[in-house]
Every structure is written in C-alpha cells, then in structure tokens.
Amino acid sequence: MLGSLTIVVAHHMYSMPPYPYLATGYGTQLSLFTHHMWIDGFLIVGAAAHAAIFMVRDYDPTTRYHDLLDRVLRHRDAIISHLNWACIFLGFHSFGLYIYNDTMSALGRPQDMFSDTAIQLQPVFAQWIQNTHALAPSATAPGATTSTSLTWGGSDLVAVGGKVALLPIPLGTADFLVHHIHALTIHVTRGNMPSIRVGSCILRVILDVQRNFGSNIPFQLENAIRCLG
C-alpha cells in the first residue's frame, strides 16, 4: 500500500507541483520523480521478500489448515500460471504499440502510426476526469470560484521568474502510450511478487535438505516436485 501511494506522489509531484519554485526547477522535479519511484520499487520488492521469508521460516502448515493462506497455497499452480499469462499479455499489448509505430516509421508510413495526427488513441477516461474538474465551479461545485488546479484545463498559465511553472496539460495519444508502459511495469512487478511468495515452499525444501543432508541434487528435486504437487 505504501509503495502504491509513493507512485501516486511521484506522478502528482510533477503534474501538480505544490510550490512555485519547485515547478520551475525541472531538474529537481525529475530527480524527485526518480527518487520516489526508486522508493516504490524498494517497498514493493521488500514487502514481497519479507513475505517470502515468512513462508520459508515461520509458516507452519500443520497449524494453518484450511485458512485463507492455506487455500491460496493449494491453488498456487493456477495462480502462478494465470499471473504469467497476464504478464505476457501486458507486455505484448503495451510494447506492441511501440513496435508497431517503429515499424510504420521505418516503412515511411506515418499516416498509419498511432499518433494525434494519424490513428488516435485518446485517453477518454482521463480526459473526462479533467473536464469534470475543470467545469466544477460552474457544475458540480457552484460555490467554488476556480478549479482545484490549472492542469485540469483552461487558458491560464503561471510563470515564475520567466519560467513556465504551471499550465493546462492536454492529454493525447502519447500520454496514453506512456501511461500504458508505466501500468505495464507496475502491474508486472506486482504480478510477479505473489509468484515469489506462493513459490517459497521450494526454497524451504532446498534449504532444509542442504542443512540436513548436504548437497544432494536428485533428492532436492524430488522433494521440490512433491512440494509443488
């Protein structure tokens, strides 16, 4: 949960900067975005690693019979296979758009590319949210004198020290493609973490065998297969 909130903070810090001089510090904005995305990565992977450590060291199947965690472990094969297929679909779906655009560009067919001047993929839901917030003072929030942020829409522009600090952000096909890539990386990371947790039984078997019997590879594989099956 904290990792997901860190992603939200990272994206909103540059799209809706809270301080005027932070808005004009473009290098600072980029550094803060990268900083928070790294924090998110450590939190997500760290949470999965600690859950896997719990499964290896502290989980006792004899005292946790037929509860939620036990039922999840009994269906781990189906869970891992479905997560693998979901990750493969997301990868081909997101990167396939860029591969298609690169191919059309190499063939000299810009009219067949995904762009605002050719085949458009408009983020209609995000645009609807923008328009809803931009029209709030005259529609959903009649008591308000202005919208909550200039990024929702309008013609205003805020400049600090001769630099653009804030202006409306019109969303188009490029935003749709880029946010698909962000969604791909985040969801694939999130999707692989449960695979690590529910597959920790194999690691526990191998560690126990190495401690008690030494490095006996056939015996390790036999117990790992029995653990999965």
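The values are calculated or read from the model by the stated rules, or taken from the named source; none is laboratory data. Remember, it's a predicted structure, so these values are computed and weren't measured experimentally. Cβ: placed from backbone, ideal geometry, glycine included. Neighbour counts: every protein chain shown.
Every residue, every condition in (1) under 14 Å from the mean Cα position of the chain (by Cα); (2) acidic (Asp, Glu); (3) outside the structural domain of LYS163 (by TED's automatic domain parsing); (4) at negative phi, yes or no:
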| position | (1), (2), (3), (4) |
| --- | --- |
| ILE7 | yes, no, yes, yes |
| SER15 | no, no, yes, yes |
| PRO20 | no, no, yes, yes |
| HIS35 | no, no, yes, yes |
| ILE39 | yes, no, yes, yes |
| HIS50 | no, no, yes, yes |
| HIS66 | no, no, yes, no |
| VAL72 | no, no, yes, yes |
| ALA78 | no, no, yes, yes |
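ASP40 meets the stated requirement of being surrounded by 17 or more Cβ atoms within 10 Å (Cβ to Cβ), in a helix (DSSP H, G or I) and among the acidic types (Asp, Glu).
Residue count for region 38-56 under the criterion of being free of Cβ contacts under 8 Å to residues at least 24 places away in the same chain and touching a Lys or Arg at 6+ places or on another chain (Cβ under 9 Å): the result is 1. Tell me, please, whether a residue that is loosely packed, with under 13 Cβ neighbours inside 10 Å and either at positive phi or modelled with pLDDT under 70 (or both) can be found in region 89-98. For region 89-98, residues loosely packed, with under 13 Cβ neighbours inside 10 Å and either at positive phi or modelled with pLDDT under 70 (or both): absent.
Count of region 58-95 residues, restricted to those that are without any contact (Cβ under 8 Å) to a residue 60 or more places away in the chain and either of a type in the set (Lys, Arg) or under 16 Å from THR189 (Cα atoms) (or both), is 9. Scanning region 13-34 for residues that are in a helix (DSSP H, G or I) and either loosely packed, with under 14 Cβ neighbours inside 10 Å or β-branched (Val, Ile, Thr) (or both) yields a count of 9. Counting the residues of region 20-37 that are among the hydrophobic types (A, V, I, L, M, F, W, C) and modelled with pLDDT under 80 gives 1. All conditions but one from (1) out of contact with any strand residue (DSSP E or B) (no Cβ under 8 Å at 6 or more places or on another chain); (2) among the aliphatic types (A, V, I, L, M); (3) surrounded by 15 or more Cβ atoms within 10 Å (Cβ to Cβ) apply to MET113; the one that does not is (1). State whether one or more residues within region 62-77 are among the acidic types (Asp, Glu), part of a loop (DSSP other than H, G, I, E, B) and in contact with a Ser or Thr (Cβ under 7 Å, 6 or more places away or on another chain). No, region 62-77 contains no residue that is among the acidic types (Asp, Glu), part of a loop (DSSP other than H, G, I, E, B) and in contact with a Ser or Thr (Cβ under 7 Å, 6 or more places away or on another chain). In region 104-117, the residues that are in contact (Cβ under 8 Å) with a residue 40 or more places away in the chain form no Cβ pair under 9 Å with any partner that is surrounded by fewer than 10 Cβ atoms within 10 Å (Cβ to Cβ) and β-branched (Val, Ile, Thr), whether six or more places apart or across chains.
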